[in-house]
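Q: Questions regarding the structure given below will be posed in turn.
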Amino acid sequence: MILLYFLLGVYFVGMLFIFFYSLAQGHLLVHFIRARKTQTIPPHPPKEWPKVTVQLPIFNELYVSERLIESVARLHYPSDKLEIQILDDSTDQTSALILEKLKAFPQVNFKYIHRTNRQGFKAGALKEALEKASGEYIAIFDADFLPDPEFLYKTLPYFHRPEVGMVQSRWTHLNRSYSILTKLQAFALDAHFLVEQMGRNHQAAFINFNGTGGIWRKSCILDAGNWQSDTLTEDLDLSYRAQQKGWQFIYRPEIESPAELPPIMSAVKSQQFRWTKGGAECAAKHIKDVLKGDFPFHTKVHALAHLFNSSIFIAILLVSLSSIGVWWAGVSGLIPGAWFRLAGVFLIGFVLIAGVYLVSFFYGKKSFGKSLLEAIWQLPLFLSVSMGMALHNAQAVWEGLTGKKSPFIRTPKFNLEDGKVSLRKNTYLSAKIPYTTWFEGGLMLVFGAMVLLNIWAETYAMLPFHLMLAIGYGLVFFTSFQSYGLGK
């Protein structure tokens with residue numbers, strides 16, 4: 001009975017965490033709707049355009065570095081007030097490609113900075129280059145981005161108030177339609193860049209610079225303590241340090257920054273691991289200061305939800321595993337039927353979360369009928385794959401919360417859209433299959449068996465949950481196995 005009560009406790013605590021997280025998401029949805037109804041008039045352009053430095057951090061980007069340089073060279077801005085720093089930490093022939101490509105743009109003020117030690121990884125590169133930057137404002141674009149030529153003219157007017165420290169644009173997706181995997185990633189990111197960022201910004205809660213596609217006031221970066229490399233998400237870390245010092249951030253969804261989505265599961269996993277672990281590291285680093293700070297109650301609540309949002313994967317993993325024991329106790333009559341039915345009630349949290357993703361999905365869509373048909377299959381598939389990522393991401397979160405350090409692992413870029421390079425010829429893919437992938441295959445079998453048991457016992461309250469887990473772990477396992485097999 002002790003084990004039974006333990007499993008019940010784990011299940012209900014996990015579901016309670018998911019439920020309260022869903023309430024926070026629902027509150028953001030309310031503010032997103034209000035923000036959409038608010039008419040925002042862009043500020044007037046400054047009387048004199050300031051000096052700007054654009055930073056392009058690059059590490060081993062054979063397939064996208066030339067495209068990035070071509071795109072940034074098309075930025076519209078007074079040439080005497082624009083400096084473009086290429087922060088090249090590459091250890092392969094990317095450096096030679098960059099230097100050759102720069103010869104095509106002698107009229108552009110490119111500054112090539114090459115490091116050989118990679119100390120501090122991306123944060124270290126940004127910090128070292130900042131010492132040499134001549135601009136009053138610092139725009140940052142990762143290697144897989146294609147900046148809007150009007151980006152600087154669109155963002156700089158929002159710095160008309162001296163307390164504004166950063167302006168973030170909305171990521172859009174160059175290869176959204178490439179595959180089901182890229183569609184599901186776009187489904188997730190759109191919710192963050194619309195409901196979450198707009199919802200937080202509308203109520204003056206903490207938001208984050210997304211690492212790229214944004215522009216900083218240089219004095220804000222320095223005042224907040226500069227870039228630091230003690231977490232894997234240096235962007236989130238600096239964002240919280242700056243806003244705790246009183247700097248205000250602005251998010252503008254109408255300013256778009258197109259970028260590439262990882263087209264294979266191994267690349268998605270490397271990106272997710274860094275984001276989730278880095279988020280957990282930032283939670284451990286900042287939560288005490290935020291809670292002790294002189295901030296409104298709602299700001300602290302959303303900071304909690306924001307910093308610990310990756311912990312939902314631990315909750316999903318624990319709930320899914322303990323649900324097996326809860327189901328067995330229910331069919332065996334060891335717990336009252338009312339308790340068993342109550343366990344299903346908590347699934348309403350998933351309904352609220354699904355609502356957030358649906359609203360963001362329909363944002364800006366022209367054809368409701370076509371979009372509805374897409375949403376009917378994309379939403380359950382997205383939720384299933386998100387659950388199937390629980391084991392992988394829970395490991396990352398646990399490492400972040402407990403202080404286990406790991407190196408910065410870049411997400412490989414592909415640039416498959418131009419047809420010049422095939423997926424199998426990508427030299428950055430890993431052939432080593434992580435042990436967690438085999439566990440994901442095992443969980444696929446476990447929850448597949450639970451689906452059959454639910455049907456056999458005619459206990460349908462948990463059937464949708466176990467079915468989505470079986471599908472999710474199955475898709476993650478097979479796509480992971482396939483993508484690692486592409487490596488040399």
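The values are calculated or read from the model by the stated rules, or taken from the named source; none is laboratory data. Source: prediction; values computed, not measured. Cβ coordinates were reconstructed from backbone atoms using ideal geometry, including for glycine residues, and neighbour counts include every protein chain displayed.
Q: List the strands (runs of 3 or more DSSP E) inside the range 68-185, counting only whole elements, that have at least 2 residues being over 26 Å from Ala242 (Cα atoms). Steps first, answer last, please.
A: Values: elements: 82-88, 110-114, 137-140, 164-173.
Passing ranges, in order: 110-114.
Q: Additional query: So Leu307 passes all but one of these: (1) of a type outside the set (Ser, Thr, Tyr); (2) modelled with pLDDT of 95 or more; (3) within 21 Å of Tyr473 (Cβ to Cβ). Which condition number does it fail?
A: Only one criterion is unmet by Leu307, namely (3).
Q: Collect the residues in the range 432-485 that are charged (D, E, K, R) and touching a Phe, Trp or Tyr at 6+ places or on another chain (Cβ under 8 Å), keeping them in residue-number order.
A: Lys432, Glu440
Q: Among the residues of the range 58-67, which ones are of a type outside the set (S, T, N, Q) and either assigned to a helix (DSSP H, G or I) or outside the structural domain of Gly135 (by TED's automatic domain parsing) (or both)?
A: Glu66, Arg67, listed by residue number.
Q: If you don't mind, another one. Quick check: anything in the range 366-387 over 19 Å from Leu232 (Cα atoms), basic (Lys, Arg) and not in a helix (DSSP H, G or I)?
A: Within the range 366-387, one or more residues are over 19 Å from Leu232 (Cα atoms), basic (Lys, Arg) and not in a helix (DSSP H, G or I).
Q: Something else: Would it be correct to say that Leu452 is surrounded by fewer than 19 Cβ atoms within 10 Å (Cβ to Cβ) and at pLDDT 85 or above? Steps first, answer last, please.
A: On the way: surrounded by fewer than 19 Cβ atoms within 10 Å (Cβ to Cβ): yes; at pLDDT 85 or above: yes.
Here the answer is yes, as Leu452 does meet what is asked.
Q: Within the range 452-488, count every residue that is touching a residue at least 60 places away in the same chain (Cβ under 8 Å) and among the charged types (D, E, K, R).
A: 1
Q: Just one of (1) part of a loop (DSSP other than H, G, I, E, B); (2) modelled with pLDDT of 95 or more trips up Lys488, so point out which.
A: Among (1) part of a loop (DSSP other than H, G, I, E, B); (2) modelled with pLDDT of 95 or more, the lone unmet condition for Lys488 is (2).
Q: Inspect the range 181-203 for any residue being over 30 Å from Gly293 (Cβ atoms), among the hydroxyl-bearing types (Ser, Thr, Tyr) and surrounded by fewer than 24 Cβ atoms within 10 Å (Cβ to Cβ) and give the result as yes or no.
A: Among the residues of the range 181-203, at least one is over 30 Å from Gly293 (Cβ atoms), among the hydroxyl-bearing types (Ser, Thr, Tyr) and surrounded by fewer than 24 Cβ atoms within 10 Å (Cβ to Cβ), which makes the answer yes.
Q: Just need a number here: residues in the range 52-88 that are among the charged types (D, E, K, R) and surrounded by 16 or more Cβ atoms within 10 Å (Cβ to Cβ).
A: Selection size over the range 52-88: 6.
The rows are residues; the columns are (1) at pLDDT below 95; (2) within 19 Å of Arg36 (Cβ to Cβ).
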{"residue": "Tyr158", "(1), (2)": "no, yes"}
{"residue": "Arg161", "(1), (2)": "no, no"}
{"residue": "Met166", "(1), (2)": "no, no"}
{"residue": "Arg170", "(1), (2)": "no, yes"}
{"residue": "His173", "(1), (2)": "no, no"}
{"residue": "Ser179", "(1), (2)": "yes, no"}
{"residue": "Gln185", "(1), (2)": "no, no"}
{"residue": "Glu196", "(1), (2)": "no, yes"}
{"residue": "Gly199", "(1), (2)": "no, yes"}
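Q: Moving on to the next point. Looking only at the range 442-473, which residues are in contact with a Ser or Thr (Cβ under 9 Å, 6 or more places away or on another chain) and more than 17 Å from Ser322 (Cα to Cα)?
A: Ile471, Gly472
Q: Here's another thing I want to ask about it. Take the residues in the range 204-226 that are farther than 19 Å from Glu260 by Cβ and under 17 Å from the mean Cα position of the chain (by Cα), then tell me which one is surrounded by the most Cβ atoms within 10 Å (Cβ to Cβ).
A: The qualifying residue surrounded by the most Cβ atoms within 10 Å (Cβ to Cβ) is Asn208.
Q: Take the residues in the range 237-264 that are crowded, with 22+ Cβ neighbours inside 10 Å and acidic (Asp, Glu), then tell me which one is farthest from Lys127 (Cα to Cα).
A: Glu260
Q: Can you tell me how many residues in the range 377-413 are modelled with pLDDT of 90 or more and among the β-branched types (Val, Ile, Thr)? Give the steps one after another, and end with the answer.
A: Going residue by residue through the range 377-413, those that are modelled with pLDDT of 90 or more are 377-404.
Within this subset, residues satisfying the condition of being among the β-branched types (Val, Ile, Thr) are 385, 397, 402.
The total comes to 3.
Q: List the residue pairs whose Cβ atoms are under 7 Å apart, where the first residue sits in the range 436-451 and is assigned to a helix (DSSP H, G or I), the second is small (Gly, Ala, Ser) and modelled with pLDDT of 95 or more, and the two are 6 or more positions apart or on different chains.
A: Close Cβ pairs satisfying both conditions: Glu440/Gly388; Met444/Ala470; Met444/Gly474; Phe447/Ala470; Gly448/Ala470; Val451/Ala470.
Q: State yes or no: is Glu234 crowded, with 22+ Cβ neighbours inside 10 Å and in contact (Cβ under 8 Å) with a residue 40 or more places away in the chain?
A: For Glu234, the condition - crowded, with 22+ Cβ neighbours inside 10 Å and in contact (Cβ under 8 Å) with a residue 40 or more places away in the chain - is met.
Q: I've got another one for you. Does the range 37-51 include one or more residues that are closer than 26 Å to Arg200 by Cβ, surrounded by 14 or more Cβ atoms within 10 Å (Cβ to Cβ), among the β-branched types (Val, Ile, Thr) and not assigned by TED's automatic domain parsing to the domain that holds Arg200?
A: Checked the range 37-51: no residue is closer than 26 Å to Arg200 by Cβ, surrounded by 14 or more Cβ atoms within 10 Å (Cβ to Cβ), among the β-branched types (Val, Ile, Thr) and not assigned by TED's automatic domain parsing to the domain that holds Arg200.
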